[in-house]
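Below is one structure, written out as structure tokens; the observations come after it.
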Amino acid sequence: MNLVYTVSLLIVSNVFMTFAWYGHLKLQQINVFNNNTPLYLIIICSWLLALPEYACQVPANRIGFVGNGGTLNLMQLKVIQEVISLTVFTVFVTLFFNGESLHWNHAAAFLCLILAVFFVFMK
């Protein structure tokens with residue numbers, strides 16, 4: 001069950017982080033922010049989204065880590081987090097940004113990520 005909690009928290013964490021890092025670009029496209037919006041205001045908005053990201057990321061790592069009774073070592077935690085991060089980012093970009101689409105090289109890169117997960121879990 002620790003693995004389910006860990007992965008779930010990592011997904012939620014990465015949704016918040018993706019919006020914190022890239023959401024302001026979409027808000028600029030739909031004229032919520034413009035080029036005259038002070039950068040400090042955009043940073044504060046991003047920080048407000050990053051706080052719940054950390055509130056999920058830290059417990060995910062603590063719950064999932066083998067040293068705390070979880071099932072994952074640090075390398076496994078990191079690789080899973082990166083795969084989730086890139087998956088969330090891919091969904092975010094294709095849903096919210098017109099003109100961004102997936103190409104064969106993106107699929108090849110994702111296959112490499114799947115292979116990374118396979119190799120990091122290999123005994």
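Restricting attention to region 1-11 and to residues that are over 12 Å from the mean Cα position of the chain (by Cα) and surrounded by 11 or more Cβ atoms within 10 Å (Cβ to Cβ), the residue that is nearest to Lys78 (Cα to Cα) turns out to be Thr6. One residue stands out among those in region 12-40 that are of a type in the set (Val, Ile, Thr) and surrounded by fewer than 16 Cβ atoms within 10 Å (Cβ to Cβ): the one that is farthest from Thr71 (Cα to Cα), which is Thr37. Scanning region 76-116 for residues that are in contact (Cβ under 8 Å) with a residue 24 or more places away in the chain and either surrounded by fewer than 12 Cβ atoms within 10 Å (Cβ to Cβ) or charged (D, E, K, R) (or both) yields Glu82, Ile114. Going by what's in this entry, would Val58 be described as under 22 Å from Phe121 (Cα atoms) and buried (at least 18 other Cβ atoms within 10 Å of the Cβ)? No. Does Tyr40 fit the bill of being aromatic (Phe, Trp, Tyr), farther than 26 Å from Tyr5 by Cα and either assigned to a helix (DSSP H, G or I) or touching a Phe, Trp or Tyr at 6+ places or on another chain (Cβ under 9 Å) (or both)? In short, yes.
Scan Thr37, Thr71 and give me the residue that is more than 18 Å from the chain's Cα centre (by Cα), at negative phi and in contact (Cβ under 8 Å) with a residue 40 or more places away in the chain. Checking each option against the conditions leaves just Thr71.
Read the figures in this text as sums done on the coordinates, not as results from a lab. All of these numbers come straight from a predicted model, not from anything done at the bench. Positions of Cβ are backbone-derived with ideal geometry, glycine not excepted, and every protein chain shown enters the neighbour counts.
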